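First comes the structure, then the notes that go with it.
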């Protein structure tokens with residue numbers, strides 16, 4: 001093969017390879033983005049419908065039944081002194097975790113929940129757990 | 001006296017057939033190379049699952065070259081056949097010029113038969129089946145832009161193709177050498193068996209050696225091409241990916257790639273089949289077999305037989321040195337292109353993408369992603385880039401299969 005031939009085949013392969021590899025992978029990006037959006041929307045709507053249905057059901061039940069006695073909780077929820085931007089859901093999750101850890105025999109009071117500035121041992125443990133398979 | 005004569009003849013026969021007479025200096029050099037690979041695999045733990053079988057295959061073939069010998073049939077007349085085998089019964093006959101010859105078979109060496117799985121392109125797709133069953137494409141589905149980094153890292157393949165052409169290789173050989181830059185052993189073997197089977201030993205060993213050396217080759221390139229600030233970027237957490245998305249993904253990929261690039265269908269098809277076994281959740285036994293037993297068996301066969309292609313006569317040549325040099329260039333270019341595209345994404349997204357994940361676009365899974373994680377943590381110990389790097393990493397597997405499809409389609 002002469003020099004010109006080498007230039008020709010090199011340039012044509014570089015161009016073809018670059019165009020096809022990027023073309024196919026860009027097409028895949030578009031397709032994945034498209035079906036990801038469609039599937040997420042469909043699943044969100046389905047979840048929303050389910051949640052609405054359950055809410056309606058609960059409302060109907062509440063309107064039909066007499067007021068229930070207040071459930072006795074072992075973990076007495078105290079007014080959280082420092083919320084520090086912690087939502088009610090997080091408070092509920094932490095309370096549940098505390099209940100799970102200490103069980104029903106001990107009485108535990110949650111006095112305050114503070115957001116830590118540094119990365120906690122729990123976050124590190126979770127990260128390690130997620131990364132472990134790799 | 002006759003006893004002594006027979007004894008001496010037997011000793012002489014054993015001596016003549018021994019390695020002391022049969023082997024030449026090149027075999028001894030290759031035995032030394034095999035020992036270096038043993039050291040790297042066992043002491044340094046560089047891809048030991050691959051390097052150890054390769055090194056042992058290399059050792060075996062250079063100690064006993066007939067282990068890869070092809071089966072042959074010798075035509076013998078009746079007298080010769082009786083002398084050699086004691087009978088003519090059971091042998092097929094061939095008549096030439098009214099003389100009947102008996103077809104006496106000589107069976108091939110053990111590794112000849114195992115090598116057929118490489119030669120016929122069977123092992124690489126089966127390895128891909130196991131890789132697919134072990135791979136979580138979630139990070140790629142969550143961030144499909146990772147495909148760009150997976151594509152960028154394949155540029156090294158085509159740049160190396162140019163280098164190989166100018167070093168005097170044919171276009172098919174250049175394509176096979178370039179694919180080393182994909183950093184994917186099964187893909188390199190598959191493409192080489194189709195385009196340049198005579199270079200299989202050198203290319204496979206170069207590909208696997210460089211894959212094993214990813215933690216040494218990549219970090220200096222990654223650090224040279226990025227700033228401290230870029231390396232310290234902490235990326236946002238990826239969105240959760242639903243099971244349905246994970247199930248649809250392999251089906252879509254195999255349909256799109258097989259229609260556009262049919263030559264890549266065996267590799268991508270098996271990769272996605274393995275992934276569907278895993279993600280469907282209904283074929284747990286098959287998925288586990290593909291990930292473990294099947295993958296391990298094929299790895300043993302593939303490694304040993306690929307190593308056995310590296311005989312002294314084949315391997316110790318100028319073309320092998322060129323292939324090893326070009327392979328290194330391919331690997332470095334792939335890493336550099338991935339990081340450079342990562343930098344482009346860093347600029348475009350306003351600093352949200354850490355360019356280090358670009359180097360994972362070469363498809364050495366998951367080692368390249370681990371290297372991104374490690375280099376990122378050197379700058380910021382609290383930074384976890386691994387899952388972000390897995391996106392380009394698995395995109396690189398698909399990208400290198402697509403590049404292989406292009407090469408096979410254009411050059412075969």
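Some observations on this one:
- Under the condition of being within 22 Å of residue B:139 (Cα to Cα) and more than 14 Å from chain A (Cβ to nearest Cβ), the residues counted in segment B:238-274 number 4.
Here's the yes/no breakdown for (1) more than 30 Å from residue B:344 (Cα to Cα); (2) touching a residue at least 24 places away in the same chain (Cβ under 8 Å); (3) outside the structural domain of residue B:240 (by TED's automatic domain parsing):
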site: B:88; (1), (2), (3): yes, no, yes
site: B:126; (1), (2), (3): yes, yes, no
site: B:134; (1), (2), (3): yes, yes, no
site: B:137; (1), (2), (3): no, yes, no
site: B:146; (1), (2), (3): no, yes, no
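- Any hit, segment B:194-212, residues being closer than 28 Å to residue B:143 by Cβ, away from every other protein chain (no Cβ under 14 Å) and free of Cβ contacts under 8 Å to residues at least 24 places away in the same chain: no
Condition check ((1) surrounded by 19 or more Cβ atoms within 10 Å (Cβ to Cβ); (2) under 22 Å from the mean Cα position of the chain (by Cα)) across all residues:
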site	(1), (2)
B:60	yes, yes
B:73	no, no
B:84	no, no
B:109	yes, no
B:116	no, yes
B:121	no, yes
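- Out of A:55, A:62, one residue alone is out of contact with any helix residue (DSSP H, G or I) (no Cβ under 8 Å at 6 or more places or on another chain), farther than 30 Å from residue B:248 by Cα, surrounded by 10 or more Cβ atoms within 10 Å (Cβ to Cβ) and at pLDDT 85 or above. It is A:55.
- Some residue of segment B:180-188 being surrounded by fewer than 24 Cβ atoms within 10 Å (Cβ to Cβ) and without any contact (Cβ under 8 Å) to a residue 40 or more places away in the chain: no
- Residue check, residue B:232 farther than 20 Å from residue B:383 by Cβ and touching a helix residue (DSSP H, G or I) at 6+ places or on another chain (Cβ under 6 Å): no
- All positions within segment B:141-172 that are in a loop (DSSP other than H, G, I, E, B) and either surrounded by fewer than 24 Cβ atoms within 10 Å (Cβ to Cβ) or more than 7 Å from every other protein chain (Cβ to nearest Cβ) (or both): B:143, B:144, B:145, B:153, B:167, B:168, B:169, B:170
- As a summary of the residue check, residue B:339 satisfies the conditions (1) more than 17 Å from residue B:117 (Cα to Cα); (2) in a helix (DSSP H, G or I); (3) modelled with pLDDT under 95 except for the one numbered (3).
- Residues of segment A:1-13 satisfying the condition of being buried (at least 16 other Cβ atoms within 10 Å of the Cβ) and under 47 Å from the mean Cα position of the chain (by Cα): A:13
- Matching residues, segment B:345-361, being within 14 Å of residue B:229 (Cβ to Cβ) and in contact with a helix residue (DSSP H, G or I) (Cβ under 7 Å, 6 or more places away or on another chain): B:346, B:353, B:354, B:355, B:356
- Under the condition of being facing chain B (nearest Cβ under 8 Å) and outside any helix (DSSP H, G or I), the residues counted in segment A:1-48 number 1.
- Single unsatisfied condition, residue B:381 versus (1) surrounded by fewer than 22 Cβ atoms within 10 Å (Cβ to Cβ); (2) at the interface with chain A (Cβ under 10 Å from one of its Cβ atoms); (3) touching a helix residue (DSSP H, G or I) at 6+ places or on another chain (Cβ under 6 Å): (3)
- Qualifying residue in segment B:353-369 (condition: in contact (Cβ under 8 Å) with a residue 60 or more places away in the chain, surrounded by fewer than 24 Cβ atoms within 10 Å (Cβ to Cβ) and not in a loop (DSSP other than H, G, I, E, B)): yes
- Tallying residues that are assigned to a loop (DSSP other than H, G, I, E, B) and either under 19 Å from the mean Cα position of the chain (by Cα) or assigned by TED's automatic domain parsing to the domain that holds residue B:317 (or both) within segment B:14-58 yields 3.
The values are calculated or read from the model by the stated rules, or taken from the named source; none is laboratory data. Remember, it's a predicted structure, so these values are computed and weren't measured experimentally. No Cβ is skipped: glycine too gets one built from the backbone with ideal geometry, and neighbour counts run over all protein chains shown.
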